[in-house]
1. Rounded, prolate or oblate for region 48-108? Axes are the square roots of the Cα gyration tensor eigenvalues, ordered a ≥ b ≥ c, and the cut-off for rounded is a/c under 1.5.
2. Computed FRET efficiency, Cβ-Cβ of TYR36 and ASP130, R0 30 Å: what is it to the nearest 0.05?
3. May I ask you to compute the full-extension gain from ALA71 to SER160, defined as 0.36 nm times their residue separation minus their alpha-carbon distance, rounded to one decimal in nm?
4. If you plug each phi of region 22-36 into the Karplus form 6.51 cos²θ - 1.76 cosθ + 1.60 with θ = phi - 60°, what whole-Hz ³J(HN,Hα) values come out, in order, with x for Gly and Pro?
5. Work out how much length GLU56 to ARG83 would gain on full extension: take 0.36 nm times their residue separation and subtract the Cα-Cα distance, in nm to one decimal.
Amino acid sequence: FPDLRAPVRPVEPSPQYAYPDPASREAALALVLSDYDKLAALLNATPAPDLMARDERGESLLVLATRTAIADGGRRDELEGLRLILAAGARPHADDLIGDEALIETVARASNEHAATALEMLIDAGLSPDWPTPEGSSVLFHERLTTAAAERVLLEADQSRKRRAEVIDKLAATLILQ
């Protein structure tokens with residue numbers, strides 16, 4: 001039990017989501033709370049959030065939106081925050097990290113069904129699979145990315161579901177070797 005006679009320490013605000021401008025802080029909070037109506041209003045307001053700003057951990061609003069979209073299994077509606085941030089003009093950069101991993105590496109490694117959609121949205125916005133990870137390797141050799149690419153090739157070739165299941169691993173391995 002706490003000592004009730006001890007002096008009360010003042011509560012300090014959390015440094016988390018400490019973006020340099022108020023509009024970016026409000027946008028970050030809207031993302032975390034999944035308040036996409038508020039996020040859309042903030043992105044259209046003047047002054048708008050600084051899409052290039054980073055918090056104390058070095059995360060941009062795009063990284064926060066991506067992390068929110070793929071975290072804990074990711075709900076379908078959480079892709080809306082990422083869509084709004086991208087529509088407002090945010091673009092991925094080679095130095096975007098989630099923790100110690102490159103943005104594309106984290107999204108490719110995510111195991112929920114919405115990660116593939118998030119990855120596609122980010123690549124459409126300019127995220128390059130050629131950007132090296134912090135270790136200097138390419139995520140082009142990531143199993144999930146090559147399997148997704150193999151799936152697209154087989155779908156474009158109008159292969160049946162049964163045939164795709166039979167050859168997808170072999171085609172993915174071929175893509176890695178290329």
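1. Details: a/c = 1.72, a/b = 1.06, b/c = 1.62.
Oblate, since a/c reaches 1.5 and b/c is not below a/b.
2. Details: r = 31 Å, r/R0 = 1.05.
For R0 = 30 Å, the calculated efficiency reads 0.45.
3. Numbers: separation 89, 0.36 × 89 = 32.04 nm, distance 3.22 nm.
Residue separation times 0.36 nm, minus the Cα-Cα distance, leaves 28.8 nm.
4. Values, residue by residue: x, 5, 5, 5, 5, 5, 4, 5, 4, 5, 5, 8, 6, 9, 6 Hz.
5. Numbers: separation 27, 0.36 × 27 = 9.72 nm, distance 2.37 nm.
Net length gain for the segment: 7.4 nm.
Rule-based calculations on the coordinates, nothing more; no lab input. Bear in mind the structure is a predicted one, so any value in this text is a computation, not a measurement. Counting neighbours? That spans all protein chains shown, and the Cβs are built from the backbone with ideal geometry, glycine included.
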